[in-house]
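Below is one structure, written out as structure tokens; the observations come after it.
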Amino acid sequence: PNELDSSIYYEAQRYITYDINEVFLDYIVLGDSPNDAGSNLIMIVAGKKDIVENQMEFIHQCGLNPAIVDVDCIALENMFNFNYPEEFDELTAIVKIGASETNVHILQKGVNLFRRDIPIGGINITEEIAKKFQIDFNEAENIKIGNLGSRSEDFKSDYSIYLDMILSRVTSEIQRTIDYFAANNDKQYPKKVYLTGGSSKLHGILDDIESKTNIPAVNINPFRNLLFKHDIADDKSHFFAVAVGLALRGAD
């Protein structure tokens, strides 16, 4: 293990853009490499020390003692594997449309085979709506989530067309990401696309992904295999995918 630790530390410096002394580093051996006999697949995870320490300090101030520090992409995949065990053997895409970026994960048998971060998220969409219609950010956010109120029919029509144009850019990048993966993996395409994140339920986005990729697309339910005393509102469940994945690290 000590020899492997040293090798990982050395190799990680080739891939991590920050000074290696500025990050916390961990890894896990995933198993034999399918493309290189005698070699292992290894996942390396790194987090900037200042960011991790700030998060830890905040949690301590809340009177809590964190047992595990995780990264959101792994938490998301843990949530998915727990809630959709029937998909374990299938090649699957998970897309999280977050506040500042859109993340595309492609996994199979519990292993992340590919990930791409697209620099378009919910905040960008809101800012573009605000700029286009010359309204403030909060008003644009309210409109984005469907609260059009007493707006005129002309406004609603113009807004619908503009939102479709913005979302088309997002879904085109998702399509390119999946096509890139397939082109480099014997033309293998995911069997299904699962969507989550704060902007994943914007009107028309599922249909547009299906149309562009020709792959069925559905929203993830992060509470699918969890039991609660109280129901979680379905229209809010897409906010909790990463949180559920983090919580599962503490489950028996």
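Please treat every number below as a calculation from the coordinates, not as lab data. Remember, predicted model here, so these are calculated numbers, not experimental data. Neighbour counts run over all protein chains shown; Cβ positions are idealised from the backbone, glycine included.
Could you check the spin-label model distance between Tyr10 and Leu113? Points 7 Å from the Cα along Cα→Cβ, value in nm. My value for the distance between the label points is 3.1 nm.
Projecting the Cα atoms of Pro222, Phe80, Thr196 onto the charge dipole of the range 71-248, computed from C-beta unit charges around the Cα centre, puts Phe80 farthest toward the positive end.
Divide the volume of the convex hull around the Cα atoms of the range 1-154 by the residue count and you get 217 Å³ per residue. Reducing the range 58-73 and the range 12-57 to their Cα centroids gives an inter-centroid distance of 19 Å. The ranking of Val95, Val71 from fewest to most other beta carbons within 10 Å of each one's beta carbon is Val71, Val95.
Take the Cα of Ala182, step 7 Å toward its Cβ, do the same at Lys131, and the gap between the two points is 3.2 nm. Calculated FRET efficiency, Glu87 and Asp207, Cβ-Cβ r, R0 22 Å, to nearest 0.05? Rounded to the nearest 0.05, the efficiency is 0.55. If only the Cβ of Lys and Arg carry +1 and only the Cβ of Asp and Glu carry -1, the dipole of the chain around its Cα centre is close to 440 debye. For the range 133-198, the Cβ-based charge dipole about the Cα centre amounts to some 420 debye (Lys, Arg positive; Asp, Glu negative; other atoms uncharged). Each residue, Val69 and Leu25, gets one label point 7 Å from its Cα in the Cβ direction; the gap between the two is 1.5 nm. Each principal axis of the range 93-197 carries a Cα extent, and these read 50, 20, 19 Å when sorted largest first.
Of Lys144/Lys212; Lys131/Lys191; Lys49/Lys191; Lys132/Lys201; Lys191/Lys236, which sit over 28 Å apart, Cα to Cα?
Lys131/Lys191; Lys49/Lys191
Largest mean-square fluctuation among Lys109, Lys192, Lys156, in a Gaussian network model of the chain whose springs join Cα atoms under 10 Å apart, belongs to Lys156. Pull up the cross-link candidates among the aspartates and glutamates for Lys109, meaning alpha carbon to alpha carbon under 12 Å and not fewer than 8 places away within one chain. Cross-link targets: Glu77, Glu86, Glu87, Asp89, Glu90. Each of Gly63, Asn103, Tyr15 was placed along the dipole of the chain (beta-carbon charges, centred on the mean Cα), and the one lying farthest toward the positive end is Asn103.
Comparing Ile135, Ile205, Ser160 along the charge dipole axis of the range 74-223, the residue lying farthest to the positive side is Ile205, per the Cβ-charge model. Counting only alpha carbon atoms, the long axis of helix 49-61 and the longest principal axis of the chain meet at about 70°. Among Lys212, Lys191, sorting on how many other beta-carbon atoms sit within 10 Å of each Cβ, with the fewest leading, yields Lys191, Lys212. Full extension of the segment from Ser160 to Glu139, taken as 0.36 nm per residue of separation minus the current Cα-Cα distance, would add 6.0 nm. In terms of other Cβ atoms within 10 Å, Asp117, Asp32, Asp136 run from fewest to most in the order Asp136, Asp32, Asp117.
Using Cβ point charges alone (K and R +1, D and E -1), the dipole size of the range 1-69 about the Cα centre works out to roughly 140 debye.
Checking every one of the GluC sites (Glu not before Pro) in the range 1-110 against DSSP loop status and a limit of 15 other Cβ atoms within 10 Å picks out Glu90.
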